[in-house]
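One structure is given below, encoded as structure tokens.
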Amino acid sequence: LGNYIDSIIEKIEELKRRRRAVILAHNYQIPEVQEVADFVGDSLELSRKAMECSADVIVFAGVSFMAEMAAALNPDKIVLHPVPEAGCPLANFLPPSKLREYKESAPRAPIVVYVNSLASTKAEADYVVTSASAPKLISRLEDEVVIFGPDKNLADYVAELTQKEIVVAPPYGHCPVHEYLLNEYYVRKSLYEYPNAILIAHPETPKQVRRMAKFVGSTSQMIKAVENFRNVDTLVIATEEGLVYRARKLYPDKNIVPANPLAVCIDMKKITLRSILRALELGKHRVSLDSAIAKRVRETIERSLELLK
Ligand code: SF4
């Protein structure tokens, strides 16, 4: 198996050089994909990398909304998504037609969408945020009522931190991994097994879990938190299990435990070394966004970055 994997990696490396390509991988990708990637990070970091790099081709190892965002921000580069069916069930909760209904019901309220949304939805929004930037951006808005979607748990977290009235679009939007596989039951069970551990949680987890956490933040902030809790030996991580691999690699001296090892995003795990190799060999699947939508996504992002300055 070792030789087989090594030969795939060799071919990937060779094609990368030949096509002037880079591989960007999300923190939730399987270990061997993280290893073959040129850069691993959260969706915002990956978008930034996509813009900074001088490569002609970007192979995006993540889910489709991330590849779409890379394509919107890099109209002159070829963005390949190895498995186009790797979507995000959370993003699918808020198609643009539904967002328009909220817009019509409260035409004066600003519309803020989480980065985990479709490009066509971002194009309809006023602002786009990550879980890290959401509290800051929303607290800077003058309006008291804000429409926010599609994650109800992140909306709840933001409402707690900003004192704004958040209309959640839709009120049932959630990430199934964080909502069901990282609920209070699993997290309590893991803390029972590791009584001296501290809990670090993602804001997509339910409120009861966030209440138990010593730190709540995006995947990148969670990685930094592992470093910052210097005197703590054992940390329980309440997010998709792929982050544990990254955290263990960066901090081998710490005991880093997943709150639930079965908290697996099957969409993230659809990307494999073989699918990356195929993407590079065949130049597939190229992410092609409607140019008008891509332009509006860029405008939404620029407006958001301006407010965050
Ligand atoms: S972990 Fe949840 S939010 Fe992230 S891609 Fe998977 S389904 Fe979407």
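Bear in mind that the values in this text are calculations on the coordinates, not laboratory data. Model, not experiment: these values are computed from the prediction. Glycine gets a Cβ as well: all are built from the backbone with ideal geometry, and neighbour counts include every protein chain shown.
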ask   = Toward the positive end of the charge dipole of the stretch 115-199, about the Cα centre and with charges on Cβ (Lys, Arg +1; Asp, Glu -1), which of 158, 169, 116 goes farthest?
value = 116
P(r) histogram, all alpha-carbon pairs of the chain included - 20 Å bins from 0, percent = 33, 58, 9, 0
query = What do you get for Rg/Rh of the stretch 23-158 when both radii come from the Cα atoms and Rh is the Kirkwood radius?
reply = 1.00
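I'd like to know how the stretch 234-299 sits against the 2.2 N^0.38 Å rule of thumb: what's its Cα Rg over that expected value?
So the stretch 234-299 has a normalised radius of gyration of 1.63.
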key: In nm, spacing of pseudo-spin labels at residue 6 and residue 253 (7 Å Cα→C-beta vector)   = 3.3
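In the chain, what % of DSSP beta bridges are antiparallel (nearest 5)? Numbers along the way, then the final one.
On the way: 1 of 32 bridges.
Bridges in the chain are about 5 percent antiparallel.
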task = State, as an integer percentage, the relative contact order of the chain based on alpha-carbon contacts under 8 Å between residues 6 or more apart.
result = 22
ask   = In 10 Å bins starting at 0, how do the alpha-carbon pair distances of the stretch 1-98 split up by percent?
value = 16, 46, 29, 8, 1
message = Can you give me the orientation-averaged projected area of the convex hull built on the Cα atoms of the stretch 101-153, in nm²?
response = 3.6
ask   = Where the Cα atoms of the stretch 96-231 are projected onto their three principal axes, how long is each span, largest first, in whole Å?
value = 50, 27, 25
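From the C-alpha gyration tensor of the stretch 64-107, pull out the three semi-axes of the equivalent ellipsoid (sqrt of 5λ each), sorted largest to smallest, in whole Å. Don't jump to the answer; show the numbers that get you there.
Working: eigenvalues 142, 42, 6 Å².
Working from the Cα gyration tensor, I get semi-axes of 27, 15, 6 Å.
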key: Rounded to whole Hz, the Karplus (6.51, -1.76, 1.60) HN-Hα couplings of the stretch 83-91, x for glycine and proline   = 10, x, 6, 6, x, 10, x, 5, 4
key: Simple Cβ-charge dipole of the chain, Lys/Arg +1 and Asp/Glu -1, about Cα centre, in debye nearest 20   = 280
task = Within the stretch 244-303, report the trypsin sites (Lys or Arg not before Pro) that DSSP leaves as loop and that have at most 14 other Cβ atoms within 10 Å.
result = 284
key: Loop-located GluC sites (Glu not before Pro) in the stretch 160-196, at most 11 other Cβ atoms within 10 Å (DSSP)   = none
query = Toward the positive end of the charge dipole of the stretch 189-309, about the Cα centre and with charges on Cβ (Lys, Arg +1; Asp, Glu -1), which of 208, 308, 293 goes farthest?
reply = 293
